[in-house]
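What follows is a short report on a single structure.
The values are calculated or read from the model by the stated rules, or taken from the named source; none is laboratory data. Because the structure is a prediction, the values reported are computed rather than measured. Cβ coordinates were reconstructed from backbone atoms using ideal geometry, including for glycine residues, and neighbour counts include every protein chain displayed. Remember, those area values only see protein heavy atoms, side chains included, never the ligands or the DNA or RNA. Shrake-Rupley method; radii C 1.70, N 1.55, O 1.52, S 1.80 Å.
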Amino acid sequence: MARRGARRDESTGIVSQPTSGPSNGISLGSNAQWGGRFAAGPSAIMQAINASIGFDRKMWRQDIAGSLAHAAMLRHVGIISADDETAIRDGLGAIATRIEAGEFPWDEGLEDIHMNIEARLTEAIGEAGKRLHTGRSRNDQVALDVRLWVRDAIDGLSGQVKDVMRALVARAAEHAGTVMPGFTHLQPAQPVTLGHHLLAYVEMLSRDLSRLADCRARMNESPLGAAALAGTGFPIDRHMTAAALGFDGPTRNSLDSVASRDFAAEFLFACAMCATHLSRFAEEIVIWTNPYFGFVRLSDAFTTGSSIMPQKRNPDAAELVRGKTGRIFGALIGLLTVQKGLALTYFKDMQEDKEGVFDAAENLTLNLAAIAGMVRDMQPDVARLEQAAGAGFSTATDLADWLVRSLKMPFRDAHHVTGRLVARAEAKGCDLAGLTLAELQSEEPRITEAVFGVLTVRASVASRTSFGGTAPENVAQAAAAWREKLG
């Protein structure tokens, strides 16, 4: 129960303590963890700007994991007794249970996740709790917690990226032969298949997956034991704690350990790049569902209506994926800006590293879930796609290629002949296949009836058999290879 004068924010469960009055020795006004250095409590403004418990409590699992590893190491090297370690382990377990149940009394007066847990631990187990912080600082503790949190986030997001890839691969296999227009400048260019189009995003996401894996491998070093900035004189075993927490080893420089957040910036870049790819696909869904295109339809599960126009079916899920991408970009730029002017080592500015990381990860999680859902939900209009594939003289390149192959014409000359034939068809109001043989021969007398075999959209896509091309058999093989790779 909060003591008299304390205020509890019902939305967060955080208790804000008064800045004066009797103390129970745990927090309240002046942070008791500071000992005798500060006799007076902070002003309300200082407390508000300084406290991070409102957001960094997301890292409670990581903070407890780090403390358990640290306590086990302290006992192993003889700094604390076995009884103290047992008390710490049991006490932290009880705290974890209370947090999981939503019953832990977060205290803004204790500033952050580290002080909240340590104070409650000391309150519960006494002197043993006070020994836990031996050989470490909040500086290496928070660096550890953020690394652990980001590592866990990477694992979760990687699983989601694979899920989106599987959804795309399944639809690509289903539509390996479905013809659709390919665009450059959002103008009709050449026919492709819908399966080929969807597999393009699989390739993009595979690189996002690789970037996340690279980021995880590069950051997988433990800063625990670097202490405030210079290391510690206690005979700690940093390799032991690193191994216990699943790291490849400890960081090699204590200053760098507490001062650097490049791993978080790299994570945010990976999130931003992945969000960019998802946003591009979301934009295509917005375009494709527009009745003027009519390429796909989304169900009510991923669309909304209008408060005034009863006919509307708005692709809001796709639009929000597109919109949330800006927030993820902002998190990356925000962290880079915080870091750019900091001398070594730790500054309180670095407290601003977390909210952007948390927000970006949470929004990318939503975006991935939404895209996976829309990929599985969308219903392509196969007839409309094929009709649109022939618009804009999309088989003009096939005509030029035929002139090169069959008539041994230099490509640049074939390009000019084809351009003149496109102008003739445009003036006549038909596509290239609508021109008569005589009309074709008026520009190039050597053209034969065989040319009509390459002027359909199906013939066009079937001819694109080069590695990575859009031919249906290529697409089917690529989808099968991805399905096997993704499992």
Flag for residue 320 being within 21 Å of residue 204 (Cα to Cα) and of a type in the set (A, V, I, L, M, F, W, C): yes
All positions within the range 160-203 that are within 22 Å of the chain's Cα centre (by Cα) and open to solvent by less than 30 Å² (accessible area, probe 1.4 Å): 161, 164, 165, 167, 168, 169, 198, 199, 201, 202
Selection count, the range 448-487, where residues are part of a helix (DSSP H, G or I), in contact with a Leu (Cβ under 9 Å, 6 or more places away or on another chain) and either of a type in the set (Asp, Glu) or touching a residue at least 40 places away in the same chain (Cβ under 8 Å) (or both): 7
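Residue by residue, here is whether (1) open to solvent by 80 Å² or more (accessible area, probe 1.4 Å); (2) under 23 Å from residue 146 (Cα atoms); (3) small (Gly, Ala, Ser); (4) at pLDDT 55 or above holds:
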site: 1; (1), (2), (3), (4): yes, no, no, no
site: 11; (1), (2), (3), (4): yes, no, yes, no
site: 22; (1), (2), (3), (4): yes, no, no, no
site: 32; (1), (2), (3), (4): no, no, yes, no
site: 39; (1), (2), (3), (4): yes, no, yes, yes
site: 52; (1), (2), (3), (4): no, yes, yes, yes
site: 61; (1), (2), (3), (4): yes, yes, no, yes
site: 79; (1), (2), (3), (4): no, no, no, yes
site: 87; (1), (2), (3), (4): no, no, yes, yes
Matching option when the condition is among the aliphatic types (A, V, I, L, M), in contact with a Leu (Cβ under 9 Å, 6 or more places away or on another chain) and not in a helix (DSSP H, G or I), among 80, 95: 80
Filter result for the condition that a residue is surrounded by fewer than 21 Cβ atoms within 10 Å (Cβ to Cβ), part of a helix (DSSP H, G or I) and within 33 Å of the chain's Cα centre (by Cα), over 48, 72: 48
Residue list for the range 435-457, filter: more than 25 Å from residue 389 (Cα to Cα) and touching a Lys or Arg at 6+ places or on another chain (Cβ under 7 Å): 443
Residue list for the range 136-151, restricted to those being of a type in the set (S, T, N, Q) and in a loop (DSSP other than H, G, I, E, B): 137
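Taking the range 126-135 only, how many residues are open to solvent by 20 Å² or more (accessible area, probe 1.4 Å) and either part of a loop (DSSP other than H, G, I, E, B) or of a type in the set (S, T, N, Q) (or both)?
3
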Residues satisfying the stated conditions in the range 298-343, i.e. surrounded by fewer than 18 Cβ atoms within 10 Å (Cβ to Cβ), β-branched (Val, Ile, Thr) and more than 20 Å from residue 260 (Cα to Cα): 304, 308
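Okay, residues lined up against (1) of a type in the set (A, V, I, L, M); (2) open to solvent by 10 Å² or more (accessible area, probe 1.4 Å); (3) within 21 Å of residue 370 (Cβ to Cβ):
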residue	(1), (2), (3)
239	no, yes, no
244	yes, yes, no
252	no, yes, no
256	no, yes, no
280	no, yes, yes
Condition broken by residue 125, with the remaining ones in (1) under 25 Å from residue 246 (Cα atoms); (2) touching a helix residue (DSSP H, G or I) at 6+ places or on another chain (Cβ under 8 Å); (3) β-branched (Val, Ile, Thr) satisfied: (1)
Residues of the range 98-114 satisfying the condition of being in a helix (DSSP H, G or I) and surrounded by fewer than 22 Cβ atoms within 10 Å (Cβ to Cβ): 98, 99, 100
Condition met for residue 153 (open to solvent by less than 10 Å² (accessible area, probe 1.4 Å), at pLDDT 95 or above and either of a type in the set (Phe, Trp, Tyr) or out of contact with any strand residue (DSSP E or B) (no Cβ under 8 Å at 6 or more places or on another chain) (or both)): no
Subset of the range 314-331 (residues that are in contact with a strand residue (DSSP E or B) (Cβ under 6 Å, 6 or more places away or on another chain) and not in a helix (DSSP H, G or I)): 314
Among (1) open to solvent by less than 20 Å² (accessible area, probe 1.4 Å); (2) out of contact with any Leu (no Cβ under 8 Å at 6 or more places or on another chain); (3) not hydrophobic (A, V, I, L, M, F, W, C), the one test that residue 141 misses: (2)
